[in-house]
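Let me begin by presenting the structure, written as structure tokens, before commenting on it.
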Amino acid sequence: MKPRPARLAPAAAALLAGCNRVQSALAPAGDQAAAIERVWDLMLWICVPMYVLVLAALGWALVRRRARGHTAEGDRRAAMGLTAFVVLVAGLLTVLTASSYIADRHLHAAVTDPVNVRITAMQWWWQVEYLDPDPSKQFTTANELHLPVDRPARIELRSSDVIHSLWIPVLNGKEDLIPGRTNTIVMTPRKTGTYRGQCAEFCGLQHANMALDVQIDDAAAFTAWKAHQRAPAPPPSTPAALAGLHEFTATACAMCHTIDGTDAGGITGPNLTHLASRRTLAAGALPLNRGTLTAWIAAPQVHKPGTNMPAVPLRPRQLEDIVDYLMTLQ
Ligand SMILES: [Cu+2]
């Protein structure tokens with residue numbers, strides 16, 4: 001995978017994402033997106049020649065009109081030509097309708113042994129829960145979706161505030177997340193790699209900064225990732241990190257964020273248990289590193305104006321310690 005253009009403005013990064021194939025419906029990495037792409041290809045290859053044909057006929061008609069007046073023989077041929085054209089159009093429309101129907105069957109085909117995930121959209125980030133019949137094996141992360149290759153994923157979609165839409169173009173089409181409703185979408189990845197999804201339904205001020213980092217791994221890497229995410233946060237190992245954990249739980253942070261294995265149990269913000277293992281911060285608004293993390297906590301409204309995370313007043317020392325601690329949350 002090519003390195004991500006970390007310093008570009010998010011809108012430009014999103015645009016480029018379409019070109020470097022991490023977020024392109026024309027570079028499918030899964031069965032459902034491939035079925036959609038087949039319809040797209042067919043439409044292109046039918047509609048482009050038809051368009052050219054119609055324009056050619058129009059040009060021909062314009063020239064002919066001046067060349068000759070109309071005769072009975074000419075009228076008969078025109079009627080025959082027109083009838084043939086109507087039959088052709090009806091036939092091609094039937095092909096397009098049938099292909100769209102077949103693609104739809106692919107998108108909604110039953111799957112066996114799926115990975116079960118629940119994605120809840122919030123203004124303006126994604127909560128991602130990995131479901132398991134055994135509750136002790138469930139865990140929650142945010143703004144990243146990891147899936148194993150060659151195994152279907154059944155994703156339950158919910159919203160906690162307004163209507164959002166999940167779109168991971170390399171895996172499937174769009175599906176709305178609607179408050180008070182549960183939708184589901186199935187994705188069967190076929191190619192490992194790093195991809196990108198994006199909210200595709202205008203949902204307020206930071207709608208454009210509502211991206212989802214998508215990672216398709218082989219089965220072994222996925223299992224290892226899952227086992228790691230299920231584990232509680234590693235205990236702080238340096239005095240600064242220990243102080244950071246204390247500041248985190250003593251200030252407002254813990255009211256909104258959960259860190260498993262600590263007293264922090266807030267649920268209005270993303271789960272931070274393994275924050276440092278993510279690639280991005282605040283739903284793709286920033287790449288994740290020490291500098292951006294510090295900047296984000298110091299002034300979230302500067303980096304994502306309107307975000308539901310307030311700036312919590314912290315002394316420089318407190319901020320440093322909290323960042324020290326959060327960076328240990330691998
Ligand atoms: Cu949204």
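At a glance:
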item	result
Value of relative contact order over segment 115-230, rounded to a whole percent, pairs C-alpha under 8 Å and six or more apart	28
Filtered chymotrypsin sites (Phe, Trp or Tyr not before Pro), segment 142-247: DSSP coil and at most 16 other beta carbons within 10 Å	202
Overall Cα dimensions of segment 239-327, principal axis frame, Å, largest first	30, 26, 24
10 Å-binned pair-distance histogram of the chain (Cα, whole percent)	5, 22, 27, 19, 10, 7, 5, 3, 1, 0
Compactness index (Cα Rg / 2.2 N^0.38 Å), segment 58-169	2.08
Long-range amide H partners of residue 210 with built H, under 5 Å	199
Phi to ³J(HN,Hα) by Karplus 6.51 cos²θ - 1.76 cosθ + 1.60 over segment 270-277, Hz, x for Gly, Pro	x, 5, 9, 3, 10, 3, 5, 8
Nearest 10 degrees, 0 to 90: helix 31-67 Cα axis against the chain principal axis	30
Most fluctuating residue given options 199, 47, 256, as computed from a GNM of the chain linking Cα atoms under 10 Å	47
Residues with amide H under 5 Å from that of residue 124, placed H, sequence gap 5 or more	308
Selected from 165, 24, 100 as most flexible by GNM, with the chain as the system and alpha-carbon contacts under 10 Å	100
Under the Debye formula (equal points on every Cα, no solvent term), log10 I(q)/I(0) of segment 171-330 at q = 0.15, 0.19 Å⁻¹	-0.94, -1.35
Cubic angstrom per residue, convex hull over Cα atoms of segment 31-107	60
Segment 115-230 pair-distance distribution - Cα-Cα, 5 Å bins, rounded %	2, 12, 23, 27, 19, 11, 5, 1
Selection of trypsin sites (Lys or Arg not before Pro), segment 175-219, meeting DSSP coil and at most 12 other Cβ within 10 Å	181
Under-5 Å amide H pairs with residue 115, H placed in peptide plane, nonlocal only	153, 154
Restricting segment 261-296 to trypsin sites (Lys or Arg not before Pro) in coil, as DSSP defines it, with at most 10 other Cβ within 10 Å	none
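Values quoted throughout were computed directly from the atomic coordinates according to the rules given, and no laboratory measurement underlies them. Bear in mind that the values here come from a model prediction, so they are computed numbers and not experimental data. Backbone-built Cβ (ideal geometry, glycine too); neighbour counts: all protein chains shown.
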